[in-house]
1. Within the range 281-364, which helices (runs of 4 or more DSSP H) (wholly inside it) include 3 or more residues that are touching a residue at least 24 places away in the same chain (Cβ under 8 Å) and out of contact with any strand residue (DSSP E or B) (no Cβ under 6 Å at 6 or more places or on another chain)?
2. Looking at residue 128, is it outside the structural domain of residue 237 (by TED's automatic domain parsing) and either in contact (Cβ under 8 Å) with a residue 24 or more places away in the chain or in contact with a helix residue (DSSP H, G or I) (Cβ under 7 Å, 6 or more places away or on another chain) (or both)?
3. From the residues in the range 19-33 that are within 22 Å of residue 366 (Cα to Cα) and assigned to a loop (DSSP other than H, G, I, E, B), which one is farthest from the ligand (Cβ to nearest atom)?
4. Regarding the range 194-204, can at least one residue be identified that is at pLDDT 95 or above and out of contact with any strand residue (DSSP E or B) (no Cβ under 9 Å at 6 or more places or on another chain)?
5. Taking the range 376-393 only, how many residues are in a helix (DSSP H, G or I) and surrounded by fewer than 21 Cβ atoms within 10 Å (Cβ to Cβ)?
6. Please pick out the residue among 370, 396 that is buried (at least 16 other Cβ atoms within 10 Å of the Cβ), part of a helix (DSSP H, G or I) and outside the structural domain of residue 198 (by TED's automatic domain parsing).
7. What's the number of the condition residue 374 fails, among (1) touching a residue at least 24 places away in the same chain (Cβ under 8 Å); (2) within 16 Å of the ligand (Cβ to nearest atom)?
8. Considering the range 34-44 alone, what residues qualify as being away from the ligand (no atom under 13 Å from the Cβ) and outside any loop (DSSP other than H, G, I, E, B)?
Ligand code: LMR
């Protein structure tokens, strides 16, 4: 019977149900299907130029030229842990070149598939080797965090982070929830430019968080997807991580080069585990290899080679910081333009959070109903939680977006 079914188009997978699209990447799928010339994608956090085009940094093009012109380069497998130079330079970038943890060889760094892959490998390592299997993630957080850590074998709980009333940090709720967490629990922290809210603790607030976490032995796991994008300065955006490393205790950090080097599709990132001693770091690295090998064997070579080429050359590094600052400044400028446009229209509400929030996203406070209205009537695509990617906006499109927000809040 079964084989007859096949000849008539039957399938052994006939019972597979249609999955819903990813809440973030699905927005791009919907956008691509829309034939309207006025459509605007403010969903995924991907940088666009003023002309609305994706940007390949000039310094990245230069690095690629150097790589292509180097006849000694081959396509052999990388080690399971990735490109050694890339790993060293990535650790220096996030922890600082004078970091004692690096000098004391207490850091195990492995190249992973961008930020997501770094979180996944780190999560699975913790599920296998750490005594506490619960990870606390902020409420709200990046839509993928829960899935990544659950599949890695951790149990996911949330801590309060954002206060909708002030559109700022709920520090009291955060400290109360972390105080109530079991000692030793893992805590996911956004190093800077919190996604989706754009709300970061101040340095004083970070210090309060650090003191509490250290007093309870909570293990920090930093997600650093936007180093350089929040302020335009790579060191300033790494301050939170460096405060935790400076106290000599342990932590994990997932780094992504998707945004700050525009290497989205190259999938290049790193997981670093800062350990208490050099010999622990050696053993930790040996176990990370056992996590990685059955998952994807070893990481891709091209993106990591681009990053290593740029980070190890003083002049190219400098060019990168200038291009990075220009991207960050354009986003800050978009915030100002959108805020001014809404104020000029007299749109009801206090929109100052648009200029106060940090990084790629504005957490507008728009409801999912208002978002649907803006998509249907104005062809503006964004995630249903009201997050807009400021990096997808341009001066030319600001009036269209301001019209849509104005209509949404006055009619819905
Ligand atoms: C985002 O939040 O839009 C980005 O981090 C892209 C992604 O993978 O979701």
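1. Correct list: 302-312, 314-345.
2. It is false that residue 128 is outside the structural domain of residue 237 (by TED's automatic domain parsing) and either in contact (Cβ under 8 Å) with a residue 24 or more places away in the chain or in contact with a helix residue (DSSP H, G or I) (Cβ under 7 Å, 6 or more places away or on another chain) (or both).
3. Residue satisfying both the conditions and the ranking: 21.
4. Yes: one or more hits.
5. Number of matching residues: 3.
6. So the residue among 370, 396 that is buried (at least 16 other Cβ atoms within 10 Å of the Cβ), part of a helix (DSSP H, G or I) and outside the structural domain of residue 198 (by TED's automatic domain parsing) is 370.
7. (2)
8. Matches in the range 34-44: 40 only.
The values are calculated or read from the model by the stated rules, or taken from the named source; none is laboratory data. It should be emphasised that the depicted structure is a prediction, and the values quoted were computed from it without experimental measurement. Methodologically, a virtual Cβ is constructed for each residue, glycine included, from the backbone with ideal geometry; neighbour enumeration extends over all protein chains shown.
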